[in-house]
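Only one structure is covered here, and it is reproduced in the block below.
The values are calculated or read from the model by the stated rules, or taken from the named source; none is laboratory data. Not measured: the values here are computed from a predicted model. All Cβ positions, even for glycine, are placed from backbone atoms using ideal geometry, and neighbour counts span all protein chains on display.
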Amino acid sequence: MSEADKPWDAVVIGAGFAGLYALHALRARGKRVLVLEAAAGVGGVWYWNRYPGARCDVESLQYSYSFDAELEQQWQWSERYASQAEILRYIEHVADRFDLRRHIRLNTRLVCATFNESQDGWDLLTDDGLRLRAQHCIMATGALSVPRLPAIEAIESFEGPIHHTGAWPHEGVDFSNLRVGVIGTGSSGIQVIPQIARQARQLTVFQRTANFSVPAWNRPLQDQEQQAFKAAYREHRARAREVGTLYEFTDKGAFEVSEHEREQEYERRWNKGGVNFVHAFKDLSTNLAANDTIADFVRARIRAVVKDEQVAQSLCPNDHPLGTKRICVDTGYYETYNRPNVRLVDLKKTPIERFGPQGVRVAGEDIALDALVCATGYDALSGAVLAIDIRGRGGVGLREKWAQGPRTLLGLMCAGFPNLFMITGPGSPSVLVNMIVGIEHHVQWISDCIDHLQQQGHRTIEATVAAQDRWVEHVNAAAHRTLLPMANSWFLGANIPGKPRVFMPYAAKIGVYRRECQEVADQGYAGFILSGA
Ligand code: N01
């Protein structure tokens with residue numbers, strides 16, 4: 001067999017933060033690795049999400065790789081929260097700096113992966129007919145990478161352009177002088193709405209569920225603060241491996257302080273900005289009465305900003321506790337509704353009846369639109385993996401195995417699918433923590449595991465059904481100790497009609513989870529079968 005025909009030690013699917021680091025880490029350990037990426041460039045979600053206002057709500061100094069001390073010292077972030085363009089520049093820099101591009105095949109979508117039982121490896125087929133064999137297949141496909149358009153009556157008959165925030169045209173979109181509709185008020189909608197409002201002649205926002213949003217107070221990073229943070233990077237990174245993101249955590253419950261102190265604390269955090277706000281008291285995510293106090297604070301803020309009382313009322317979330325849907329972070333979101341060219345349509349009161357060529361009909365009124373923006377989210381967490389026809393032992397499909405919701409061991413592997421790893425898969429903390437912290441942990445665990453298999457002369461590793469069942473129960477129990485399952489969120493698959501409702505991320509501190517993963521490895525991969533000398 002020529003070198004070219006040799007199976008890859010690993011084929012990684014996706015060239016976002018996860019795929020790039022997996023390539024780097026495995027290659028550094030002497031493995032033959034190839035990355036397949038459907039897009040024409042690296043970057044994953046940061047390649048696709050080019051909508052105006054797109055930026056990360058984890059502070060830039062934390063939302064970055066920790067694996068290379070020189071990289072983290074040398075890269076200069078310009079703002080407290082990095083824009084999509086800056087994050088993409090960083091990812092491209094990483095791809096060049098570590099010479100990753102020569103092992104990335106762009107414009108290549110994996111369509112089918114079949115476990116070959118006689119070879120103990122994966123046979124892969126791409127959309128352009130390329131066939132590959134890999135001993136290990138690593139899904140770095142992202143938690144929020146399958147955009148979802150809304151299923152609204154006759155939407156296809158609309159004659160204007162329809163843009164999804166998660167697949168934004170690279171050349172940008174000029175909304176000047178247009179009548180624009182935006183459907184969706186999650187993190188993407190809340191970021192894009194103020195930007196479009198500044199350009200469009202008329203903006204109509206179609207809101208199904210009001211979300212809680214806190215101000216970002218984004219600003220340029222001062223050299224001094226950047227240097228100070230970088231001087232303590234090792235300590236910061238170590239702490240992030242325990243807690244995910246470096247928020248100000250507290251041991252105090254919301255009712256252990258007076259009402260006045262509680263309000264002052266909310267006020268202080270609101271004025272600092274960002275997701276830190278939701279960590280004001282330790283019981284806000286577990287005690288509904290405590291949660292009501294912070295939710296009331298935000299509702300009062302909305303009423304104070306939005307001048308039209310009815311609009312303010314519609315913007316006040318009232319059907320889920322704060323934080324049970326991903327909290328949004330905004331710049332001037334609520335203020336946007338005071339603009340004369342912005343209108344809110346509350347779909348709870350007046351649902352969309354149907355689209356037509358020129359716009360949309362709502363409660364008997366035709367609203368003319370020149371362009372439509374769908375900030376309608378993703379088939380989250382399991383969607384990207386299930387988009388590939390994956391067949392494990394006996395030709396059984398993953399879609400069949402996950403028909404009642406995703407089942408994994410540690411969010412890393414799935415029984416019946418040997419040597420198939422997922423980075424930040426369902427059943428791991430994934431989207432509940434700083435994604436890059438979760439990604440780096442998984443890549444290291446997977447790399448150690450593959451090394452271990454090779455050193456011990458094993459060809460396969462596979463989760464046992466019993467261990468997987470225990471893990472699924474454990475993940476479910478962790479979610480139910482919190483208020484998280486109370487919202488119809490994408491964490492639960494509730495945004496996709498017909499998707500089984502299972503709380504997918506593991507709601508434990510990442511430090512706890514890391515120790516659980518380490519214990520499994522230390523016990524010779526307890527709960528997994530290692531076989532095939
Ligand atoms: O998507 P979403 P997103 N008719 O699913 C509405 C990350 N992110 O792209 O709530 C009308 O949250 C839907 O309504 P409802 C972050 O983790 C981060 O905004 O289902 N409306 C909802 O309002 C985030 O959580 C950043 O009732 C419809 C919206 O569309 C995740 O990505 C920035 C509808 C979808 O909200 C996803 O955020 C952006 C319909 N048929 C994203 N279907 C930052 O770091 C859906 N909706 C800042």
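Structure above, values below:
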{"read-out": "Residue check, GLU309 over 26 Å from the mean Cα position of the chain (by Cα), farther than 25 Å from ALA487 by Cβ and in the same structural domain as ASN276 (by TED's automatic domain parsing)", "value": "yes"}
{"read-out": "Near pairs, Cβ below 7 angstrom, 6+ apart or cross-chain, from segment 472-498 (away from the ligand (no atom under 16 Å from the Cβ)) to any residue that is in a helix (DSSP H, G or I)", "value": "ALA479/PRO485; LEU483/LEU288; LEU483/ASN291"}
{"read-out": "Total residues in segment 184-211, condition assigned to a loop (DSSP other than H, G, I, E, B) and free of Cβ contacts under 8 Å to residues at least 60 places away in the same chain", "value": "0"}
{"read-out": "Any chance ARG198 is more than 6 Å from the ligand (Cβ to nearest atom), surrounded by 18 or more Cβ atoms within 10 Å (Cβ to Cβ) and basic (Lys, Arg)", "value": "no"}
{"read-out": "Residue that is nearest to ASN338 (Cα to Cα) [pool: residues in segment 271-314 that are polar (S, T, N, Q) and touching a strand residue (DSSP E or B) at 6+ places or on another chain (Cβ under 9 Å)]", "value": "GLN310"}
{"read-out": "Strands (runs of 3 or more DSSP E) wholly inside segment 323-442 that include at least 3 residues being over 20 Å from SER188 (Cα atoms)", "value": "352-356, 359-362, 365-368, 389-391, 420-422"}
{"read-out": "Whichever residue in segment 288-325 is surrounded by fewer than 19 Cβ atoms within 10 Å (Cβ to Cβ) and in contact (Cβ under 8 Å) with a residue 40 or more places away in the chain and, among such residues, is nearest to the ligand (Cβ to nearest atom)", "value": "ASP319"}
{"read-out": "Subset of segment 500-524 (residues that are assigned to a loop (DSSP other than H, G, I, E, B), out of contact with any helix residue (DSSP H, G or I) (no Cβ under 7 Å at 6 or more places or on another chain) and modelled with pLDDT of 95 or more)", "value": "GLN523, GLY524"}
{"read-out": "So CYS449, is it more than 16 Å from the ligand (Cβ to nearest atom), of a type outside the set (A, V, I, L, M) and in contact with a Ser or Thr (Cβ under 6 Å, 6 or more places away or on another chain)", "value": "no"}
{"read-out": "Cβ-Cβ under 6 Å pairs, at least 6 apart or on other chains, segment 389-400 side β-branched (Val, Ile, Thr), far side part of a helix (DSSP H, G or I)", "value": "ILE390/LEU398"}
{"read-out": "Answer residue from segment 152-183, given it is within 18 Å of GLY332 (Cβ to Cβ) and not in a strand (DSSP E or B) and is farthest from the ligand (Cβ to nearest atom) among those", "value": "PHE175"}
{"read-out": "Segment 21-66 - residue that is within 16 Å of the ligand (Cβ to nearest atom) and aromatic (Phe, Trp, Tyr) and, of those, nearest to GLN226 (Cα to Cα)", "value": "TYR63"}
{"read-out": "Only listed residue being surrounded by fewer than 21 Cβ atoms within 10 Å (Cβ to Cβ) and closer than 28 Å to TYR63 by Cα, chosen from ARG459, ARG514, ARG501", "value": "ARG514"}
{"read-out": "Number of positions in segment 278-294 that are closer than 19 Å to ALA507 by Cβ and assigned to a helix (DSSP H, G or I)", "value": "6"}
{"read-out": "Candidate set from segment 342-379 (those that are touching a Lys or Arg at 6+ places or on another chain (Cβ under 8 Å) and of a type in the set (Asp, Glu)); member that is farthest from TYR51 (Cα to Cα)", "value": "GLU353"}
{"read-out": "Search result, residues across segment 30-77 that are polar (S, T, N, Q), closer than 18 Å to GLN191 by Cβ and touching a helix residue (DSSP H, G or I) at 6+ places or on another chain (Cβ under 7 Å)", "value": "ASN49"}
{"read-out": "Flag if ALA113 is out of contact with any helix residue (DSSP H, G or I) (no Cβ under 7 Å at 6 or more places or on another chain) and outside any loop (DSSP other than H, G, I, E, B)", "value": "yes"}
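Okay, residues lined up against (1) among the acidic types (Asp, Glu); (2) closer than 23 Å to GLY425 by Cα:
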| residue | (1), (2) |
| --- | --- |
| LEU144 | no, yes |
| PRO150 | no, no |
| PRO169 | no, no |
| ASP174 | yes, no |
| ARG179 | no, no |
| GLY184 | no, no |
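Okay, residues lined up against (1) within 30 Å of ARG109 (Cα to Cα); (2) surrounded by fewer than 16 Cβ atoms within 10 Å (Cβ to Cβ); (3) of a type in the set (A, V, I, L, M); (4) over 27 Å from the mean Cα position of the chain (by Cα):
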{"position": "SER145", "(1), (2), (3), (4)": "yes, no, no, no"}
{"position": "ARG148", "(1), (2), (3), (4)": "yes, no, no, no"}
{"position": "SER188", "(1), (2), (3), (4)": "yes, no, no, no"}
{"position": "PHE212", "(1), (2), (3), (4)": "no, no, no, no"}
{"position": "LEU221", "(1), (2), (3), (4)": "no, no, yes, no"}
{"position": "GLU225", "(1), (2), (3), (4)": "no, yes, no, yes"}
{"position": "HIS236", "(1), (2), (3), (4)": "no, no, no, no"}
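Conditions (1) outside any strand (DSSP E or B); (2) touching a residue at least 24 places away in the same chain (Cβ under 8 Å); (3) surrounded by 14 or more Cβ atoms within 10 Å (Cβ to Cβ), marked per residue:
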position: TRP217; (1), (2), (3): yes, yes, yes
position: ALA228; (1), (2), (3): yes, no, no
position: GLU242; (1), (2), (3): yes, yes, yes
position: ASP251; (1), (2), (3): yes, yes, no
position: GLN264; (1), (2), (3): yes, no, no
